[in-house]
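K.L.:
I'd like to ask you about the structure that follows.
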Amino acid sequence: MNSSLPDLSRCASEPIHIPGAIQPHGCLIAFDPATLVVLNVSANAADFLAARAGAITGSAIEDALPPTAMTWLRSALAGAQADLEPFRWAADEQGRVATLHLHDGIGLLEIEREDPQPGRQLARGVQSALRRLSRIDSFEALVDETARIVRRLTGFERAMVYRFDEDDHGEVVAESRPDELDPYLGLHYPESDIPRQARELYRRHWVRAIPDARYSPVPLVPTVRPDTGRPLDLSPCALRSVSPIHLEYMANMGVRASMSISLIVGDRLWGLIAAIDRQPLPVAPEVRSACESIGRLVSLQIAALTATGLERERAAKAETIGVLVDAMQQASDDILWGLTDAPDVLTGFVGAQAAAIVVDGAVRRIGDCPEADTVLRLAQALRQRADANGMFHSHSIAEDLGCDVCAGRASGVLAMFLPTPTLHCVLWLRPEVVQTVNWGGNPEKPVERQPDEPVPRLHPRRSFAQWQQTVRGRSLRWSVAERRAAADLRRFALELDLAARFSKEQEAVRSRDELVAVVSHDLRTPMSVVVMQAFLIQRLLNEGGTDLSQRIASSAETIRNAGERMSRLLHDLTDLTQIEAGRYQIASRPQSVARMLADVCSLLQPLAAMRNIRLVREPVSDITVMADAERIFQVLSNLVGNAIKFSPDGADIQLGAAAHDGICEIHVRDHGHGIRDEDLPRVFDRYWQAGQPGSRGSGLGLYIARGIVRAHGGEIRVDSTVGAGSTFTFTLPLQ
């Protein structure tokens, strides 16, 4: 930036809410609501009250107000209500009117002279205006009537409705004026004319009036709050002094008086009702209150008309979106490719001239679309800037992305992205539309420097004559209805994509299950033959006694062991697929727990005896559970087999059970190596192995055991201490 020019950003950061002064058509008292002690007062207090500013500060506010006003004030504070109806009392020929605000922890009392205009006549005019406005059902008629009503109600010579666009530039969309004044209708004004902090104050407070732009500001006494040492925040005050830059702006326009009424839709400053006059014009509190009512009603009407229009457009597009959804459903591969079967519908339903579909790096183009590699680069750039709903829109790619990737072919883009690891998106494109914009003055010169100033300072532009600008590199804006239609299509595409992916995964699971079933079935018979023949060879050779016979017998033993292990693995794989598919079948019958423990000990006792390990069955009372005996035997044999495998020679392994609360808890306790704390959460995971000496197997045993127990409606858990051993416990329902 040229250092000889004033910094425009200073205008946007000007502290207009703490000017330290007020306009002179009223006085201000700031006080502590708890103690009613005056903190600050405007220097003109004596013009409105029977006390001077210096005499009021630090004293009780009741010293400055009449008893009737104090009664009203105490009632308002007792209810902790801010912005109440103004209170009036007789003081001189005009009387006084007070307005209370509670803000930033203090009370702000504004006192003005009473308006001589009869209140009854004003009320009738407002009621009639509100009735007329409430019956209007078109946007154009609404803003036109609003401008006429505000002009007639307030007496300003010109009233306008001013609308902000997405970039916060403004446009006059309606006006009421005498014939001798130049029209402002259709003129645009740059965002810098109403800086960001000013728009925020308009959003928070409905009415702002300046009766005479040539006033002399009235300072506050003292200049800062005595309780905090900070400037007094006058945001809600109608009397708040105006920025010098804005006053100069009004002077350059030839305007002495103005009033702005906010139009707020969806908590956003939609626009303003602006009234201006070339002569000073006081605006009484009751007139401001009436204008606020009009602003609130018009805001509601704008919101209602906007919502009705959007619903009408959404309903009109519903059938079109249905065609696109059908096309996606009929797609033989990726659902987005199905959209290419309805190219005109795809572009037409959002008013685009071209479109591009990107799936996993492949691009298909519709209409006058840039080349595939350009589209791919654009899609990658837009994906980084999409919102949380996977949408992006721009009417100027060059401005918003800082590049000309589609210069001459597409200036605007509307995009939807599916939440997939690779690019899955649709881009709608619009070409450049050369536009001529009529500005109220040159928007490129919102600040001017005076030639006689040694140090540059901010000045608003002096010319407001119509200034035309030719705008290039932009497309028509994407309307809210078009953006919502694209978002609706994305929602359907997301549902269809998830359904398609789920269907593919289910098909993959079914194919895997079928493959495992076929392999298990086809291998089971030959494996049985191998195991049987190895057993026969081993028995026949054992009857011999020669060294050759012993070697052949040893080989046969190896064959038999391998065959049995492969048979167990096939059995485990069959159980695995049934558990994961949710088709694991059990046949529960009443079973004796003592009998089940005895059976498993009987089978595995020889294996334990080889290492001098004792299987100790703790005394078990007569407990009967509902269980599939064969499946629970599989669980117990796995737990006891693991305990034998990981116990030191000569150790004991305890088996026991106890019944309570409708369940039976069966446990197997060893005194082996134990399991590390960090491994405990993974013990029952598929393919997990202990990683300890002697650890062998597929890692499916405990996973299948858990599946069997859960199929019975029970749970299995493990408690372990490294170096002390582990206890596996599972539950079964009692009979």
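K.L.:
Of all residues in the stretch 237-272 being of a type in the set (Ser, Thr, Tyr) and outside any helix (DSSP H, G or I), which is farthest from Val41 (Cα to Cα)?
P.N.:
Ser262
K.L.:
In this structure, does Leu269 turn out to be over 22 Å from Thr154 (Cα atoms), surrounded by 16 or more Cβ atoms within 10 Å (Cβ to Cβ) and modelled with pLDDT of 90 or more?
P.N.:
Against the criterion (over 22 Å from Thr154 (Cα atoms), surrounded by 16 or more Cβ atoms within 10 Å (Cβ to Cβ) and modelled with pLDDT of 90 or more), Leu269 qualifies.
K.L.:
Still on this model: Just one of the numbered conditions (1) surrounded by 15 or more Cβ atoms within 10 Å (Cβ to Cβ); (2) part of a loop (DSSP other than H, G, I, E, B); (3) among the hydrophobic types (A, V, I, L, M, F, W, C) is not true of Val640; which one?
P.N.:
Answer for Val640: the failing condition is (2).
K.L.:
Restricting attention to the stretch 453-486, and to residues there that are surrounded by fewer than 15 Cβ atoms within 10 Å (Cβ to Cβ) and aliphatic (A, V, I, L, M), which single residue is modelled with the lowest pLDDT?
P.N.:
Val455
K.L.:
Looking at the stretch 385-401, can you tell me whether even one residue there is more than 24 Å from Ala481 (Cβ to Cβ) and either in a strand (DSSP E or B) or touching a residue at least 40 places away in the same chain (Cβ under 8 Å) (or both)?
P.N.:
yes
K.L.:
Could you please tell me which pairs satisfy a Cβ distance under 8 Å, a separation of 6+ or placement on different chains, a first residue in the stretch 278-301 that is closer than 14 Å to Ser262 by Cα, and a second residue that is acidic (Asp, Glu) and at pLDDT 90 or above?
P.N.:
Filtered contacts from the stretch 278-301: no entries.
K.L.:
Next question. Which numbered condition in (1) part of a loop (DSSP other than H, G, I, E, B); (2) in contact with a Leu (Cβ under 8 Å, 6 or more places away or on another chain); (3) surrounded by fewer than 20 Cβ atoms within 10 Å (Cβ to Cβ); (4) modelled with pLDDT of 90 or more is the only one that Phe684 fails?
P.N.:
Failed condition: (4).
K.L.:
Restricting to the stretch 335-371, what's the tally of residues that are modelled with pLDDT under 90, more than 28 Å from the chain's Cα centre (by Cα) and under 27 Å from Lys504 (Cβ atoms)?
P.N.:
Looking only at that region, the number is 1.
Residue by residue, here is whether (1) in a helix (DSSP H, G or I); (2) acidic (Asp, Glu); (3) within 22 Å of Arg491 (Cβ to Cβ) holds:
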| residue | (1), (2), (3) |
| --- | --- |
| Ile276 | no, no, no |
| Gln279 | no, no, no |
| Glu286 | yes, yes, no |
| Ala303 | yes, no, no |
| Arg312 | yes, no, yes |
| Asp333 | no, yes, yes |
| Cys369 | no, no, no |
| Thr374 | yes, no, no |
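K.L.:
Return the only residue of Asp168, Asp212 being over 38 Å from the mean Cα position of the chain (by Cα) and of a type in the set (Asp, Glu).
P.N.:
Result of the check over Asp168, Asp212: Asp212.
K.L.:
Out of the strands (runs of 3 or more DSSP E) lying entirely within the stretch 37-153, which hold 1 or more residues that are surrounded by fewer than 19 Cβ atoms within 10 Å (Cβ to Cβ), modelled with pLDDT of 90 or more and touching a strand residue (DSSP E or B) at 6+ places or on another chain (Cβ under 6 Å)?
P.N.:
Output list is empty.
K.L.:
Continuing with this model, one more query. So, of the residues in the stretch 487-517 that are surrounded by 13 or more Cβ atoms within 10 Å (Cβ to Cβ), modelled with pLDDT of 70 or more and among the small types (Gly, Ala, Ser), which turns out to be nearest to His424 (Cα to Cα)?
P.N.:
The residue in question is Ala493.
K.L.:
Which one is nearest to the chain's Cα centre (by Cα) among residues in the stretch 588-604 that are outside any helix (DSSP H, G or I) and buried (at least 18 other Cβ atoms within 10 Å of the Cβ)?
P.N.:
Ser588
K.L.:
Let me ask something else. Filtering the stretch 719-729 down to residues that are more than 9 Å from Val668 (Cβ to Cβ) and buried (at least 19 other Cβ atoms within 10 Å of the Cβ), which residue is farthest from the chain's Cα centre (by Cα)?
P.N.:
Filtering first and then ranking leaves Gly725.
The values are calculated or read from the model by the stated rules, or taken from the named source; none is laboratory data. Predicted model only: the values in this text are computed from it and were never measured. Virtual Cβ from ideal backbone geometry, glycine too; neighbours counted across all protein chains shown.
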